[in-house]
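These notes concern the structure reproduced below.
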Amino acid sequence: MLAMLPALVVALSASGCTPAVCPAVGFVNLGPVELDLSGLPAGTSVSACFGVNDRCDQVKVVRDSNGRWMVPQATPFVQPENAAVPLFRIRVVAAKPDRSISDHLYGIEHTPPRGGCDNSYDLVPVKVL
């Protein structure tokens with residue numbers, strides 16, 4: 001069977017059907033996680049954190065220059081600071097103007113890998129309720 005392998009490679013090359021060879025490289029997205037607060041009332045203040053075993057002390061989140069609520073996967077949001085990232089859940093605490101508080105853990109989802117030799121993906125914004 002192995003003796004036929006060179007002939008198969010030659011046949012595929014002659015037909016123009018050469019398979020792409022990709023390097024064995026993984027991809028980890030360490031970009032910030034965007035919070036989607038569109039369902040919350042104006043005036044809501046938000047804190048968030050990533051913690052090992054879902055334990056962490058939330059840190060206040062502010063809008064970036066583009067008006068987005070971005071939570072970096074870095075200290076002080078990642079606790080302890082030497083935790084392996086990425087973590088797959090984020091704790092978000094939302095204090096609403098009516099003084100009610102929601103404190104939830106949300107899974108962090110991502111788009112499918114781009115495909116081919118590009119295994120990169122984007123993080124999907126987390127819808128905060």
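Please specify each residue of region 68-77 satisfying the condition of being at pLDDT below 95 and hydrophobic (A, V, I, L, M, F, W, C).
Ala74
Quick one: in region 64-98, of everything that is of a type in the set (Val, Ile, Thr) and in a loop (DSSP other than H, G, I, E, B), which residue is least open to solvent (accessible area, probe 1.4 Å)?
Among them, the one singled out is Val85.
Identify all residues within region 31-56 that are at pLDDT 90 or above and surrounded by fewer than 11 Cβ atoms within 10 Å (Cβ to Cβ); write none if there are none.
Hits for region 31-56 are Ser38, Gly39, Ala42, Gly43.
Do we find that Cys22 is within 24 Å of Gly115 (Cβ to Cβ) and hydrophobic (A, V, I, L, M, F, W, C) in this structure?
The answer is yes for Cys22.
For Val128, only one of the following conditions fails: (1) touching a residue at least 60 places away in the same chain (Cβ under 8 Å); (2) open to solvent by less than 70 Å² (accessible area, probe 1.4 Å); (3) in contact with an Asp or Glu (Cβ under 7 Å, 6 or more places away or on another chain); (4) closer than 16 Å to Leu30 by Cα. What is its number?
Val128 satisfies every listed condition except (4).
Looking at region 107-122, which of the residues that are in contact (Cβ under 8 Å) with a residue 40 or more places away in the chain and open to solvent by less than 40 Å² (accessible area, probe 1.4 Å) is farthest from the chain's Cα centre (by Cα)?
Filtering first and then ranking leaves Ser120.
The values are calculated or read from the model by the stated rules, or taken from the named source; none is laboratory data. Note that the coordinates shown come from a computational prediction; the quantities given were computed from them, not determined experimentally. With ideal geometry, Cβ positions are generated from the backbone for all residues, glycine too; neighbour counts draw on all protein chains shown. SASA here: full protein model, heavy atoms, side chains in, ligands and nucleic acids out. Shrake-Rupley method; radii C 1.70, N 1.55, O 1.52, S 1.80 Å.
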